[in-house]
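Enquirer: Below you will find the structure I want to go over with you.
The values are calculated or read from the model by the stated rules, or taken from the named source; none is laboratory data. A quick note: this is a predicted structure, and the numbers were derived from the prediction, not measured. Here the Cβ is made from the backbone with ideal geometry for all residues, glycine too, and neighbour counts use every protein chain on show. What goes into the accessible areas is simple: the full protein's heavy atoms, side chains included, and nothing from ligands, DNA or RNA. Shrake-Rupley method; radii C 1.70, N 1.55, O 1.52, S 1.80 Å.
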Amino acid sequence: MTQKTKNIILVCAFLLLVCLAYKFAFSNTIQAKKEYKALKTEAVAFDNMPMQLSSLKQKEKYYDSLLTQYQLKGNSIQNTILKTINSYADSSNLKVSDFIEPHQIQQNDLKISTYQFTLEGNYNAIIGLIHNLEQNTKFGEIINLDFKKKKNYKTGKYFLQAHILLKSFG
């Protein structure tokens, strides 16, 4: 054998040895290091778990307090709105003459409900209810308010009627 052939065989044997060493030793070491890093990040996550749990409990208490503050208990929004309107109407001499089923649309993964109802009574009481609905209960926003002066032909007296549209998200 010549020197050139010996060098070629030596280089091929070296490359074969490097490939075998990578396959059986280096790849296992690299894989073990990846697993070690993954387990280390999981351990850090588990160490932070009590802090995250307490933070989530505080958020839950905060959101529950918001729901009770804005009168959004477990009932449907429609029932809650009607209950709020009726309780205010009883205390301020208003009459709820109409409450129509809400119109609902889906827009960009957001459900928008529009509630329509009609009130009869004096102007200040109606405006007070509107203010209460928008500011104190956070049900949504009033998007239309239409006042009409109507006459009761049986008694010959006039009364104020308000058609209200309330838009709610969620």
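Enquirer: Can you name the condition, by its number, that N93 falls short on among (1) open to solvent by 90 Å² or more (accessible area, probe 1.4 Å); (2) modelled with pLDDT of 90 or more; (3) under 20 Å from A162 (Cα atoms)?
Expert: Going through the list (1) open to solvent by 90 Å² or more (accessible area, probe 1.4 Å); (2) modelled with pLDDT of 90 or more; (3) under 20 Å from A162 (Cα atoms), N93 breaks only (2).
Enquirer: Quick check on N122: is it open to solvent by 30 Å² or more (accessible area, probe 1.4 Å), polar (S, T, N, Q) and in contact with a Leu (Cβ under 9 Å, 6 or more places away or on another chain)? Spell out how you get there, then give the answer.
Expert: Numbers: open to solvent by 30 Å² or more (accessible area, probe 1.4 Å): yes; polar (S, T, N, Q): yes; in contact with a Leu (Cβ under 9 Å, 6 or more places away or on another chain): yes.
So N122 fits the description; yes.
Enquirer: Taking I130 as meeting all but one of (1) at pLDDT 90 or above; (2) of a type outside the set (D, E); (3) exposed (fewer than 11 other Cβ atoms within 10 Å of the Cβ), write down the number of the exception.
Expert: Here I130 meets the rest and fails (3).
Enquirer: Here is a follow-up. Being open to solvent by 50 Å² or more (accessible area, probe 1.4 Å), on the phi < 0 side of the Ramachandran plot and within 25 Å of the chain's Cα centre (by Cα) is true for just one of Q31, Q78, Q58. Which residue is that?
Expert: Q58
Enquirer: While we're here: Here are some residues: L119, L129, L110. Which one is under 28 Å from S65 (Cα atoms) and in contact with a Ser or Thr (Cβ under 9 Å, 6 or more places away or on another chain)?
Expert: Criteria check complete, one pass: L129.
Enquirer: Go through segment 92-140 and give me each residue that's assigned to a loop (DSSP other than H, G, I, E, B) and in contact (Cβ under 8 Å) with a residue 24 or more places away in the chain.
Expert: Listed by number, the residues that qualify are S92, N93, L94, G121, N122, T137, K138, F139, G140.
Enquirer: Mind checking whether some residue in segment 47-61 is touching a Ser or Thr at 6+ places or on another chain (Cβ under 7 Å) and either at pLDDT 90 or above or polar (S, T, N, Q) (or both)?
Expert: No, because not a single residue in segment 47-61 is touching a Ser or Thr at 6+ places or on another chain (Cβ under 7 Å) and either at pLDDT 90 or above or polar (S, T, N, Q) (or both).
Enquirer: When K83 is evaluated against the numbered criteria (1) at pLDDT below 85; (2) open to solvent by 50 Å² or more (accessible area, probe 1.4 Å), which criterion, by number, is the only one it fails?
Expert: Against the list (1) at pLDDT below 85; (2) open to solvent by 50 Å² or more (accessible area, probe 1.4 Å), K83 comes up short only on (1).
Enquirer: Looking at segment 12-27, which of its residues are open to solvent by less than 90 Å² (accessible area, probe 1.4 Å) and at pLDDT below 90?
Expert: Of all residues in segment 12-27, those open to solvent by less than 90 Å² (accessible area, probe 1.4 Å) come to 12-13, 18-21, 25, 27.
Selection gives V18, C19, L20, A21, A25, S27.
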